[in-house]
1. Under a point spin-label approximation (7 Å from Cα along Cα-to-Cβ), what is the A:Asp178-A:Val146 distance to one decimal in nm?
2. Tell me, what is the percent relative contact order of segment A:368-457, built from C-alpha pairs under 8 Å that lie six or more residues apart?
3. So how much slack lies between A:Ala462 and A:Ser10, counting 0.36 nm per residue of separation and subtracting their Cα-Cα distance, in nm?
4. Beta carbons within 10 angstrom, averaged per residue: use that to sort the peptides A:249-257, A:65-73, highest first.
5. What FRET efficiency would be calculated for the residue pair A:Ala343, A:Gln379, taking the C-beta separation as r and a Förster radius of 56 Å, to the nearest 0.05?
6. Estimate the FRET efficiency between A:Asp82 and A:Lys139 by the formula 1/(1 + (r/R0)^6), using the beta-carbon distance for r and 22 Å for R0, to the nearest 0.05.
7. Taking 0.36 nm per intervening residue step and subtracting the Cα-Cα distance, what contour gain separates A:Glu416 from A:Arg247 on full extension?
8. Hey, rough spin-label estimate for A:Glu447 and A:Glu43, points 7 angstrom out along Cα→Cβ, what's it come to in nanometres?
Amino acid sequence: MSRLETRHLSQEEMLKLADGELPGSAQARAHLEACWQCRADFEELQASIGELIRYRKSAWQPYAPPPPAPWADLRPRFQQADAGLANRPLFTRLAGWFSSTFRPPTRWAPAAVAMLAMAAIIYQFWDTPRVEAAVILRKAVDAAAVRPASAKRLDIRQGGRPAEPAAVEALFRAAHYDWRNPLSAKAYLDWFDQLSQKQEEVISDPDSASAPAWLIRTTTRHSELVQATLLLSRDDWQALEGTFQFRGQELIRIRELAAEPAAETLSTAAAPPPPAAGAPAAPPSRTASPSPGDELRVTAALHRISADLGDPVDIARSFERILITGVGIPAERRRQIQEAVGAMPFVELQFQEPAASSSLPSASRRISSTRRASPFQQQLEQQLGGRPALDQFTDLILDATDQMMSQAHALRRLAERFPRAVETSLPPEDRALLDKLRGEHAAALRELLARIHADASPVLRALSAQPSPAPAPQLQDWQASTSRFFETARRMERLFTILLGGATADSGAPDEAGLPSELLASLHQLTQLGQALEPRP
Amino acid sequence: MYFHAPEEQWDEVLRLDRAKVTLQDKVTRLYEEARDDVYRYLLLLGLTPPQAQEAAQEVFLRLYVTLSKGEEIHSPRGWIFRVAHNLGLKLRAKNSAQLPFDPELEARLRDPDVSHEQSLLERERWILLHRGIESLSEQQRRCLFLRMEGLRYPEIGEALGISASSVAEFLRRAIARLRKVCHESP
C-alpha cells in the first residue's frame, strides 16, 4: 500500500476497503478524504453495492419460491445423531476428545501423541473394526451387480497431474489390480482378497462436508500397491474415489467425474461406440485410449483454423477420449471446428452457451477515454501529436499485445502438453508435426514482436527509456523457454496497460520513472527468448 | 470402567446431558436464523425447492454432528454456507442439469399484478440488474451471492476452493460488469 497518498485507489482497493479487507485501510481512508475523484468513485461503488442489496431484498427474496413444506424440527434428528456418535469406535472418540480438549496443541502434543500411539496399539488388538472392510466391499459388489451398467467418466491423476495412461496401466497390472474398472468395489475386493497380510481400516463419514460415505483403507507390504483407499457412498454403495500408492511412485487418485453440465455434445462417428444399454461399460484399454500423438494431430487441426488462438476452446485428453470444449462459440465457428476435427479418432466436442462463459469479453481491456490518465499521457499526447494519435497508438499496441498473448498462450499450452519426456517418446512424424506447430507459433511471435518494437521503441525512448542490455537466460529446452517467454510477455502486457492508462500500478510494477525502461528491457528480452522457441534446422 | 462414587458418576452424566442440550439449542437457534438464507442460496445454485429445503436441513444436522464431535468452528455462518455450497453442487451434479439463474424472475417483475408495489422505473432497474447478474460468470455470481450473505473473502474462498485475492478479483469484475450493464442499457 505504498504511495497511496499520491496515487489514486484502484477499483479493487476501493472494493476491499468497502468490505473491510484492505490492509492499511487507514492510509486509504486518509487518501479518500483528500481526493475528491477517489471519493466520488468510492461513493459510486457503495451506491452499486446498496443497489444490489435492494435488488436482493425487493426483487429476489419476495419472489423466490417459498419452502414447499414447513421447516422440520431437527431435535429428533440431533438425538439420532447422538446415538450414532456414541457407537463410534474408541479410537475415533479418543482422537476427537484429544483434539477438542488440548488447545493449543504445542504444549500437550508429545504426551498426546504418545498416548494416542499407545491407544492405537491397544485398539489394534482389542477393538477390532466394528465393520469389516470385506463386508462393506461385498455389499457394494452386490449392489453394483443389480445396478444398470453405465459408462463411467474417470479423472485419473498422478501427483496432481493428469496421468499417463500406459504408465498407470502397467502399475495396476503389476500389482494384479483389475485395470478394466479400477474405480469399483469389485476390483478393490479382488485385490484385497489376494493379500496374505494386510491392515485394514474402515472410517465412517470421513469428511463431514460430504455425503455419508465409508472410507476403506488397506495397507500392505506384500504388493507393489502398498496402500489403497476407496470411498464408497453409503446411499447407493457406488465407488466415488480411490487413491493408490504404488511403491516408489507418486500417489494416483481416481475419481468419477460429475455428470457434465448441460452442453451440446457431439460425439464423432470415429470414436469408440458408447456401451449399449445394459451392457457393462467399455473397459479402458490401451487400444481404446488416445495417445499423445492423437492429441497432437487434433491440436494441429485446430491450429489450421486458428481455433487455438483466442477462441475459448480447450483440449483435454483422458483415457477414453479427447474432449474439446468451447464456451460461447458462435454457430458458424462451431461448424468449422466440427469440420476440422469431427472425424478424428476419440474426439468429442462439447459447446456451452455464452451464459456459462467465465470470462469477460476481451473488449474489457480496451482503454476508454474516460479512464484516468497515466502520468505519461500528456507526454505521449504531445509526442504523438494529439489525443486521436494517442488513441490510435494505444489501439495498435493493445491489438498487437493481445495477439501476442494469444500466440504465447497457445505455445505454452503446447509446451505443457508435450514436455520433453513426451516429446522424445513421439514417433518421428509426430515429432516433426510438433516442430512445425512450434515453428509457426514462434514465427508469428517474432513478427508481432517486431511490430511492437517498431511502434513502441521510438515512443519509449522519447520517454527517456534506458535500455538495459541484460541477456535472456539460457534455458534447457524450448518448453522452459516458452514458459519464461509467456511470463515476460504477460508482464510486458501489464506494463503497457499501465503506461497507456488502462490500469493502475500494482505492488510488482516499477516506479513511474522506471516504467518505460522496463518496457524496453522486456521487449529486448522477449526478442532473445523468442529465438530459443524456433526449432533448429 | 466403574466410578466408585455414584454422585461423581451422576454429575458426569448430567454435565454431558446439559452440554448436549445446550448444543442442540445453539444449533436450533442458528437453524431458525439462517435456514431461509441457506434455502435461497441453494435455489440460486439451481436446486429445486424440495431439494433446497432438504439440503438446508441436512446442513444444520451436519453442523450439529461436527460440533458434537468436538470440532471447533470459528465462523458458523461461513461453515454453513461452505457445506451448503458443496452439498448443493453435489445434488445439482446428480440432476445433471445446470439451471439458469431464476429464469422466471424477469417475467414476475414484468407482471404488474405480481409486483404492483414497485414503480415501473424500479422494476425496469431490477430487470436490468437481473440481466446483468445472469450475464456474470458462474464463479462471479457465486462470489457475489456469498458476499451478499455476509461471508468474508477468506470464507468465500474456502467455500469455492479459491484464494481470498481471487474472490476480490471476481467481485471486482462482477460489480464492474453490473455497473456497465446498468449504465449502458437505454
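1. Between A:Asp178 and A:Val146, the simple spin-label model gives 1.9 nm.
2. Numbers: 29 pairs, mean separation 34.6, N = 90.
Normalised by residue count, the contact order of segment A:368-457 is 38 percent.
3. On the way: separation 452, 0.36 × 452 = 162.72 nm, distance 2.77 nm.
Taking 0.36 nm per residue and subtracting the Cα distance, the gain is 159.9 nm.
4. Working: A:249-257: 16.2, A:65-73: 12.1.
Listed from highest to lowest mean packing, they are A:249-257, A:65-73.
5. Here the calculated transfer efficiency is 0.50.
6. Values: r = 26 Å, r/R0 = 1.17.
Efficiency, rounded to the nearest 0.05: 0.30.
7. Values: separation 169, 0.36 × 169 = 60.84 nm, distance 2.67 nm.
Gain in length upon complete extension: 58.2 nm.
8. 5.2
The values are calculated or read from the model by the stated rules, or taken from the named source; none is laboratory data. The structure presented is a predicted model; accordingly, all values stated were derived computationally and were not measured. Every residue, glycine among them, receives a Cβ derived from its backbone with ideal geometry; neighbour counts consider all protein chains shown. To get the accessible areas, we keep the full protein, side chains included, count just its heavy atoms, and leave off ligands, DNA and RNA. Shrake-Rupley method; radii C 1.70, N 1.55, O 1.52, S 1.80 Å.
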